[in-house]
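For reference, the structure is listed below as structure tokens.
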Amino acid sequence: MTEVSRIVRLACAATAIALATAVPASAGHDVVRDDPAIVAERLHHMGFVEWRKLRWDHGYWKVDDARRTNGHVYDLMIEAGSFDLVRLKRERG
């Protein structure tokens, strides 16, 4: 009887360790949020034809030097998940 409970305790400990190492690896990973192709599609939908830099920063996508067909250049901030435009700042030039 003592031998069975020791095996059960070891199995439970191994399961707990496996879960503890697997959960943080997947926590916070959102395929949609992490996919720059979806952000690029949204930028095209908003009328932008090219941009210099696209980067993830604390819950937002930041886009540098996004150019529209009329030649105007902007810096943008897009909210992750909803992909709503949070900031639009026109560059001089």
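Odds and ends about this structure:
- The string of couplings for segment 64-71 from the Karplus curve (6.51, -1.76, 1.60, θ = phi - 60°) is 9, 6, 7, 10, 8, 5, 7, x Hz, one whole number per residue in order, with x for Gly and Pro.
- ³J(HN,Hα) computed for each position of segment 51-57 - Karplus, 6.51 cos²θ - 1.76 cosθ + 1.60, integer Hz, glycine/proline x: 8, 8, 9, 10, 9, 8, 8
- Potential lengthening between Arg6 and Ser82 on full extension [0.36 nm per residue; Cα-Cα distance subtracted]: 22.4 nm
- For segment 82-87, backbone phi angles converted through the Karplus equation (6.51, -1.76, 1.60; θ = phi - 60°) give residue-by-residue couplings of 8, 6, 7, 6, 9, 9 Hz, Gly and Pro being listed as x.
Computed from the coordinates by the stated procedures, all read-outs in this text should not be read as laboratory data. Remember, predicted model here, so these are calculated numbers, not experimental data.
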